[in-house]
Amino acid sequence: MNQNRREFISNIVAGAAIPMLSNLEKTLSSSSKSDFQISLFSKPLDGYDFDFTCECCKLSGMAGIELTVRKDGRVEPETVESALPDFIRRASKYDLSTNMIVTGILTATDPLTERILKTASSSGVKYYRLGWFNYDKTDIWETLQKCRSVMSELTVLNRKYNIHGGYQNHSGEYVGAPLWDLFELFRNLPPEYIGNQFDVRHAMVEGYDTWKIGMRLISKYIKTLAVKDFTWKNIDGRLQPVTVPLGEGIVGWDNYFKSVKELNIKAPITLHIEYPLLENGEENLPLKKQQEIIVRKLKKDREFINSYLKKYQLIS
């Protein structure tokens, strides 16, 4: 939903906006400079003006933004050399980190791949997320071997640009939905350049009681953490996973953060908001009111994460 920046500015001039950015340092997350820095996956706010997005992140205490650099994302891949550094520069004015991006990269041979990685690395990005592979259902093992070859080729580029490529485990008929896939994909490859963005929600959908075993198997390759919650709902006679705010679903957060600590995983966190930020006509409210609602929900999820990071002494 595209929002009018002029409307937002006029609200500020009229004195209707929420607190000015000069006071925003008071909302900074205690994990902002830790190994578990919390950023917001930008997708749910990509339809808004970027300054509005930055203000929402800052007001809710996020340490950074995980920018979408893919088709129909915040940054279109064809414009990456000019657009990505510009968005990073603009985010820095709000003291927001941009050390993670989300891409659709699935091959090292696409000319856009090297353009994205070169630009990202030179702009200070340390981690990027890949796209997802589909199985050739006639030969599952051969699919894994082909994907492993791609990972090996991407590792060469990642080493060249000193950047880490993370493949997110995603539930459904995707390569990597069973965590065992990922061990085969990464086996004997250097984890500092290629690995996994571990998504506990999707891991638990696929392996309700076994996700911890898979997490242990690939632990040295886990370099970023995607955090969201879910529950099962009967939709049209079929049980389906539905994402909900953190703590309102069935993800076992004690088991999760205990595992992170025991496996000595130290990785920045990306908060995924895949439930409605605005509901029941709230998208028609003035921009100031929309921002208040969005910030309240983002802050609640961030504080939830921080409470567990503190509980398991992952941050002070």
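Note on the stretch 104-126: among residues that are more than 21 Å from Ser92 (Cα to Cα), part of a helix (DSSP H, G or I) and of a type outside the set (Asp, Glu), the one that is farthest from the chain's Cα centre (by Cα) is Pro111. Out of everything in the stretch 268-296 that is in contact with a strand residue (DSSP E or B) (Cβ under 8 Å, 6 or more places away or on another chain) and crowded, with 17+ Cβ neighbours inside 10 Å, what residue ends up being nearest to Ser34 (Cα to Cα)? Result: Pro268. Within the stretch 81-103, the residues that satisfy the criterion of being surrounded by fewer than 23 Cβ atoms within 10 Å (Cβ to Cβ), in contact with a helix residue (DSSP H, G or I) (Cβ under 8 Å, 6 or more places away or on another chain) and in a helix (DSSP H, G or I) are Glu81, Pro85, Phe87, Arg90, Ala91. Listed by position, the helices (runs of 4 or more DSSP H) inside the stretch 179-250 whose residues that are closer than 22 Å to Tyr308 by Cβ and touching a residue at least 12 places away in the same chain (Cβ under 8 Å) number at least 3 are 200-206, 211-217.
When Leu277, Leu314 are screened for being in contact with a helix residue (DSSP H, G or I) (Cβ under 8 Å, 6 or more places away or on another chain), under 20 Å from Cys54 (Cβ atoms), among the hydrophobic types (A, V, I, L, M, F, W, C) and outside any helix (DSSP H, G or I), only Leu277 passes. Of the set (1) surrounded by 13 or more Cβ atoms within 10 Å (Cβ to Cβ); (2) within 21 Å of the chain's Cα centre (by Cα), all apply to Asn264 but (1).
Where residues in the stretch 127-147 are free of Cβ contacts under 8 Å to residues at least 60 places away in the same chain, within 24 Å of the chain's Cα centre (by Cα) and part of a loop (DSSP other than H, G, I, E, B), which of them is surrounded by the most Cβ atoms within 10 Å (Cβ to Cβ)? Checked the stretch 127-147; the qualifying residue surrounded by the most Cβ atoms within 10 Å (Cβ to Cβ) is Leu130. For the stretch 202-226, taking the residues that are buried (at least 23 other Cβ atoms within 10 Å of the Cβ) and either under 16 Å from Ile273 (Cα atoms) or β-branched (Val, Ile, Thr) (or both), the one that is nearest to the chain's Cα centre (by Cα) is identified as Ala226. Please pick out the residue among Asp110, Asp35, Asp49 that is surrounded by fewer than 21 Cβ atoms within 10 Å (Cβ to Cβ) and without any contact (Cβ under 8 Å) to a residue 40 or more places away in the chain. Residue meeting the stated conditions: Asp110.
Please enumerate the residues belonging to the stretch 280-295 that are without any contact (Cβ under 8 Å) to a residue 12 or more places away in the chain and either assigned to a helix (DSSP H, G or I) or not hydrophobic (A, V, I, L, M, F, W, C) (or both).
First, pick out the residues of the stretch 280-295 that are without any contact (Cβ under 8 Å) to a residue 12 or more places away in the chain: 280-282, 284-285, 289.
Within the stretch 280-295, Asn280, Gly281, Glu282, Asn284, Lys289 qualify.
In the set Asn196, Asn188, only one residue is surrounded by fewer than 17 Cβ atoms within 10 Å (Cβ to Cβ) and farther than 16 Å from Val251 by Cβ; that residue is Asn188.
The numbers here are math on the coordinates, done by the rules we state, and not lab data. Source: prediction; values computed, not measured. In this analysis, Cβ positions are derived from the backbone assuming ideal geometry, glycine residues included, and neighbour counts consider all displayed protein chains.
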